[in-house]
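Okay, structure first, notes after.
The values are calculated or read from the model by the stated rules, or taken from the named source; none is laboratory data. Owing to the predicted nature of the structure, the values given are computational and were not obtained by experimental measurement. Counting neighbours? That spans all protein chains shown, and the Cβs are built from the backbone with ideal geometry, glycine included. Ligands, DNA and RNA are stripped out before the accessible areas are found, and what is left, the full protein with its side chains, is counted by its heavy atoms. Shrake-Rupley method; radii C 1.70, N 1.55, O 1.52, S 1.80 Å.
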Amino acid sequence: MASNFIDYVKIFCRSGKGGRGSMHLHRAKYQPNGGPDGGDGGRGGNVYLRANRNYWTLLHLRYDRHVFAGNGGAGGKNCSHGSDGEDRYIEVPCGTVAYDAETGKYLCDVTHDGDTVMLLKGGRGGLGNWQFRSATNQTPRYAQPGEPMQEKTIVLELKMLADVGLVGFPNAGKSTLVSAVSAARPKIANYPFTTLEPSVGVVAYRDNRSFVMADIPGIIEGAAEGRGLGLRFLRHIERNSVLLFMVPADSDDIAESYHILLRELEKYNPAMLQKQRVLAVSKCDLIDEELEEMLRPTLPKDVTTVFISAVSGKGIDGLKDVLWESLNVSDAPIEEENNEDFIHRDREVSLLLSDFADWDEEEGFLQEGEESEEEEEDLEEFDLEMLEEE
């Protein structure tokens, strides 16, 4: 059965075209010299990415992969402004990152509920001939077309946000720990790769405080090259503030297992080694205190180590204390690397005006001889009246 946890989708987005300006000349019975009164066109709709805490996966976008904003309305007579195109908002879970599907460039990310970023900007509406009137040009017979839309194929990738992320081999006891310290109920079984999708749980701490713990599917040696579940879930570890490495007490070499996991994270993203790390030796109900004391000298010296048993509850309170202390001194979750090729969230994509042959430096886009039928009739009647007066 297919999983409902969707953390990667590709969608095609298109902003709206700007409405064309109106080229209209006012005609009234008692105003023979009415002059131009064509209104401006409305702007095209924008496409936004917005974080919504009510979503946990990208499943709702799996079968809705085309996002089109509304086009701007054309300007009208009597200086009527065209309607603006409808904006479109792509609702995504907190922690979603957007990339350009063609170039792979980083576009933006949304991490907090309500964060909104413009992905594509709608075309500007064209100016009506009312805007071009002057003392030397009292009846301008041209208007601007609306600027075109923008379109782009975008990859959305969910990177789970949590305070503590569990890192370990399959069957290291990660799901058992999450179920013991929170209300989360991940699948637990006595075979590898029981956890096929990440799950999160809220861990209660002293004085009504709490933190979020994420259960990540097991990692094996070579995961950074695609072995096992490969890169699919390594991305979810990037956004955790503290990494809790879990190695069973019955492992052949606890220190070597820890360093294998560390090397896999380094191959995937070297910046992840800057995070706070805690080592939990799990399944300590399988060993006695004498064997535990024999194991201590063999453990890594560069990381805080806690002996725990999620089944018996041994060391759980001490582990919470260590994690809470690490959270208070840890830096914010690592964001995307700053690369000169990345498109940062504050930068707006500018429209190249040189793509249009009719661009004029002073008057902008000029649209000549494209009047509507109604406007053509009004112009003919206006010209007849002018001739009769002469």
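Selection of region 260-307 for residues being over 24 Å from Leu327 (Cβ atoms) and either open to solvent by less than 40 Å² (accessible area, probe 1.4 Å) or under 36 Å from the mean Cα position of the chain (by Cα) (or both) yields Ile260, Arg263, Lys267, Ile287, Glu292, Leu295. Go through region 74-119 and give me each residue that's open to solvent by less than 20 Å² (accessible area, probe 1.4 Å) and assigned to a loop (DSSP other than H, G, I, E, B). Hits for region 74-119 are Gly75, Gly82, Gly85, Pro93, Gly95.
Scanning region 164-203 for residues that are closer than 22 Å to Cys284 by Cβ and open to solvent by 50 Å² or more (accessible area, probe 1.4 Å), which turns out modelled with the lowest pLDDT? Residue satisfying both the conditions and the ranking: Tyr191.
Would you be able to say whether some residue in region 132-145 is open to solvent by 10 Å² or more (accessible area, probe 1.4 Å), in a loop (DSSP other than H, G, I, E, B), among the small types (Gly, Ala, Ser) and in contact (Cβ under 8 Å) with a residue 60 or more places away in the chain? Taking every residue of region 132-145 in turn, none turns out to be open to solvent by 10 Å² or more (accessible area, probe 1.4 Å), in a loop (DSSP other than H, G, I, E, B), among the small types (Gly, Ala, Ser) and in contact (Cβ under 8 Å) with a residue 60 or more places away in the chain. Please specify each residue of region 279-297 satisfying the condition of being free of Cβ contacts under 8 Å to residues at least 60 places away in the same chain and not in a helix (DSSP H, G or I). Leu279, Val281, Ile287, Asp288 - these are the residues of region 279-297 that are free of Cβ contacts under 8 Å to residues at least 60 places away in the same chain and not in a helix (DSSP H, G or I). Residue check: Leu127 meets all listed conditions (1) closer than 30 Å to Arg88 by Cα; (2) at pLDDT below 80 but one, namely (2). Scanning for something in a loop (DSSP other than H, G, I, E, B), within 23 Å of Leu158 (Cα to Cα), in contact with a Cys (Cβ under 8 Å, 6 or more places away or on another chain) and not aromatic (Phe, Trp, Tyr), does region 53-73 turn up at least one residue? Among the residues of region 53-73, at least one is in a loop (DSSP other than H, G, I, E, B), within 23 Å of Leu158 (Cα to Cα), in contact with a Cys (Cβ under 8 Å, 6 or more places away or on another chain) and not aromatic (Phe, Trp, Tyr), which makes the answer yes.
Listed here are the residues, each with its yes/no results for (1) in contact with a helix residue (DSSP H, G or I) (Cβ under 9 Å, 6 or more places away or on another chain); (2) farther than 30 Å from Thr111 by Cα; (3) open to solvent by 10 Å² or more (accessible area, probe 1.4 Å).
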{"site": "Tyr8", "(1), (2), (3)": "yes, no, yes"}
{"site": "Ser15", "(1), (2), (3)": "no, no, no"}
{"site": "Gln31", "(1), (2), (3)": "no, yes, yes"}
{"site": "Trp56", "(1), (2), (3)": "no, no, yes"}
